[in-house]
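Derivation of every value follows stated rules applied to the coordinates shown; laboratory data play no part. Predicted model only: the values in this text are computed from it and were never measured. Here Cβ is always computed from backbone atoms with ideal geometry, including for glycine, and neighbour counts include all displayed protein chains.
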Amino acid sequence: MNTLDKYLSSDIVKIEKIVCDEKFCHRLGEMGLYLGSEIQIVKNDNFGPLILKIFDSQVALGRLEAQKIYATKI
Amino acid sequence: MPQKYNYVIGLIGNPNVGKSTLFNSLTGASQQVGNWPGKTVEKKEGVISWQDQIIKLVDLPGTYSLTAFTKEESVVEDFIRLEKPEAIIQIIDAQNLTRNLFLTLQLLELKIQLILAVNMLDLANKDGIEIDIAKLSESLGVPVLEINARRKKEIPIFLRNVILAFKTEQVGGKKAAVSKILAEHILDAEYIHQRYEFIKGLEKEVVKRNFNRSSKKFDRYIDSIVMNKYFGIPFFLIAIWLVFQATFKLSAPLTIWIQLFFSTLAVWATNFFSGLGVSNWFISLFTEGIIGGVGGVLVFLPSIGILFFLISVLEDTGYMARVAYIMDRFMHKLGLHGKAFIPLILGFGCNVPGIMATRTLQTRQERLLTILISPFISCSARLPVYVLFVGIFFAKYQGLVIASLYLLSVTVAILVGLVFKKIFSNGLSAELLIELPPYRYPTVRGLLLHIWEKIGAFIKKAGTIILAFSIIIWLLASLPIGVNYGSKESFAGSIGQLIAPLFTPLGFNNWQTGVALTFGLVAKEVVVSTYGTLNGVTDVSAGNAAGVLSVVLQQYFTPLSAYAFLVFVLLYSPCVATIAVIRKETVSNKWALFVVANTVFVAYIMALFIYQGGKLIGLN
């Protein structure tokens, strides 16, 4: 299990653990990023935000936030 | 006049689903823009006539969910409670059904007649997504309509279907599966999980997916350039440079026409009123006060219109969301995320639209922080002051001196931002989480409506606040009766003399500068025209006047004190229009006053530092 920022472009991962306050958890949730959801890393430049594919949309997620989300590769 | 409506309908949906396009197509020019009572959330409503029915359509905020955390939720609640709508239409992006249905489930829990309008089915089909509309309607127990928001001719059919739908259907959420979900009211991870599981089950029945995603190739290609690790930022800088170049180049001829119109109007009005035998004071009020003040501000209309047109193009195509991604790594250090960069960039044109653009930011703290630093951004109205002074005092280094002021503007904004970040530290959420919508062609209709909204608001401002202040300043410059307009003996002159000593430590303590800075509160370019008026030069923009002013200003300033003065003009209190818009956007007199106090304080300290520091190292 690793944090999201450690995965590479085009990896598909399953979310296992999210460290967030209630508010940010909800913002992630409404975007479709919740415990058990499966997402794809679209772009990870190793600095700056990541781009994720969640369901059918692309979402930019800050690197600091990505470091608080743990996932396993599928 | 309160109007009678047969129906009130709300329009809701995720951001980027075509909600505004549908709203524009449905209501056209009948829209009214305001704020929800007591909130900073924008409220748009419009009236639709269909056969003999009059429908009020209210555009609810674009939102991903209804949660206890967002002000959007209370807006939706207020709307349902106070306006008692007959129905709410949720517009759904067929390309993104799963996430859109999350909001649908929450809306069903509100127990109000819900109608789903599935948009962009054609694009979804291209992506290999097929949706069984009838089955979706049956499973959720609400009417589901197809719509192509960009095709105007489909709108009447859609309207008819909407009215038929809520006349025949009952309140949604009657199906067993949905009721089960509704029974559980928990707002936690489990809640989110359950709803998505429900949606997944639903999708198995109504959605067919064929995985040939050919249509996304174009998007990926564009993204590989504009979001490239190395080229992303240069590309963005070029885009912004082009926007500003185009704004100034395209607006220049229109601006000259407007100037010509007002100067002709002034001449015509003088002749007309003199012919009628109207007394001179009224003619002076009308030409020098009202036409001078209001006209002087309305000349910015073309720049604002064109700037917003181009920004809307960038916004509507989906590029602005990418800018947020590109700029995030820098803005993060300020406690802002990349999206806040856009209002600040707009501020270089004019602080007013910049501050209005903070509406796109998600949290109140983030908006507030951006609003607090926006006035330090050197708007185009400050440029005439720089140009006048560098021409006189720094003839050899004009470009360099002006560039130094722009650099100082950005530096001060960043430093002040860092200070406020420390103060707000707890409340700030700089989390970056934004959707990158697919690239789309903007609609002409949408763009024109954007411009109309912005220039409409600007004209209204010119006709109210600026008109009022123009009259006040004219009175101050004309009274007591018998003094020459704008002379040392007028009230304006007295004010100038009263405050001039405050500026002695900064190197400029003449009363004319006191007056110029006071009047500059109306609009910063008024600083220039004030020197003109006070010295009997009527048209400062004309080349010949510069000679007269050059002699006069060299009596008041040394190059060092002139630079300190320019720094003061750059940083001190924003113009009344900006103050008014800060008050409106923060819904608070306190914050508006704070901005004035803060900017004057920073300006004073900086100018003092430059003048006294310069003297210490032997500059003059």
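Listing for the model above:
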| item | result |
| --- | --- |
| Difference of contour (0.36 nm per residue) and Cα-Cα distance, B:Phe594 to B:Ala269 | 112.9 nm |
| Efficiency of FRET from Cβ geometry, B:Gln194 and B:Lys249, R₀ 51 Å, rounded to 0.05 | 0.35 |
| Mean separation of Cα contacts under 8 Å, 6 or more apart, over the residue count of chain B: relative contact order % | 10 percent |
| With at most 15 other Cβ atoms within 10 Å, longest stretch of chain B clear of loop GluC sites (Glu not before Pro) (DSSP) | B:185-488 |
| Options B:Leu571, B:Ile55, B:Val581, ranked by Cα towards positive dipole end of the protein assembly as shown, top entry (Cβ charges) | B:Leu571 |
| The range B:344-422: relative contact order in percent, alpha carbon pairs under 8 Å with at least 6 residues between | 32 percent |
| Relative compactness, the range B:386-450, computed as alpha-carbon Rg over 2.2 N^0.38 Å | 1.94 |
| Label-reachable residues, the range B:499-514, where backbone N falls under 16 Å from a point 7 Å from B:Ser487's Cα toward its Cβ | B:512 |
| Distance in nm between pseudo-label sites at B:Ile617 and B:Gln554 (7 Å out along the Cβ direction from Cα) | 2.6 nm |
| Only Lys, Arg (+1) and Asp, Glu (-1) charged, at Cβ; the protein assembly as shown dipole about Cα centre in debye | 540 debye |
| Extent along principal axes [Cα atoms of the protein assembly as shown; Å; largest to smallest] | 84, 62, 40 |
| Convex hull volume of the range A:2-73 per residue (C-alpha atoms, cubic angstrom) | 70 Å³ |
| On Cα atoms only, tilt of B:301-317 relative to the major axis of chain B in degrees | 30 degrees |
| Candidate lysines - alpha carbon under 25 Å from B:Lys488, same-chain residues fewer than 8 apart omitted | B:Lys524 |
| Cut-off 11 Å between beta-carbons: net charge of the residues surrounding B:Cys379, Lys and Arg +1, Asp and Glu -1 | +1 |
| Cα-based convex hull, the range B:358-416, per residue volume (Å³, whole number) | 79 Å³ |
| Fraction in percent of alpha-carbon pairs per bin - 10 Å, the range B:220-316 | 14, 28, 21, 15, 11, 7, 3, 0 |
| Only Lys, Arg (+1) and Asp, Glu (-1) charged, at Cβ; the range A:2-73 dipole about Cα centre in debye | 140 debye |
| Principal semi-axes in Å for chain B [√(5λ), Cα gyration tensor, largest first] | 52, 28, 22 |
| The range A:2-73: relative contact order in percent, alpha carbon pairs under 8 Å with at least 6 residues between | 44 percent |
| Estimated FRET transfer efficiency (B:Glu109, B:Asp78; beta-carbon r; R0 22 Å; 0.05) | 0.85 |
| Longest segment of chain B lacking chymotrypsin sites (Phe, Trp or Tyr not before Pro) that sit in a DSSP loop with at most 11 other Cβ atoms within 10 Å | B:231-620 |
| Charge sum, other residues only, whose C-beta stays under 15 Å from B:Val569's C-beta, Lys/Arg counted +1 and Asp/Glu -1 | +1 |
| Cα-based shape type of the range B:552-615, given that a ≥ b ≥ c are square roots of the gyration tensor eigenvalues and the cut on a/c is 1.5 | prolate |
| Of B:Val76, B:Ile471, B:Val17, farthest towards positive along the dipole that unit charges on Lys, Arg, Asp, Glu beta carbons give the protein assembly as shown | B:Val17 |
| Degrees, to the nearest 10: B:319-331 long Cα axis against longest axis of chain B | 60 degrees |
| Ellipticity estimate at 222 nm from DSSP helix runs (n ≥ 4, -39,500 (n - 2.57)) divided over the protein assembly as shown, nearest 500 | -17500 deg cm²/dmol |
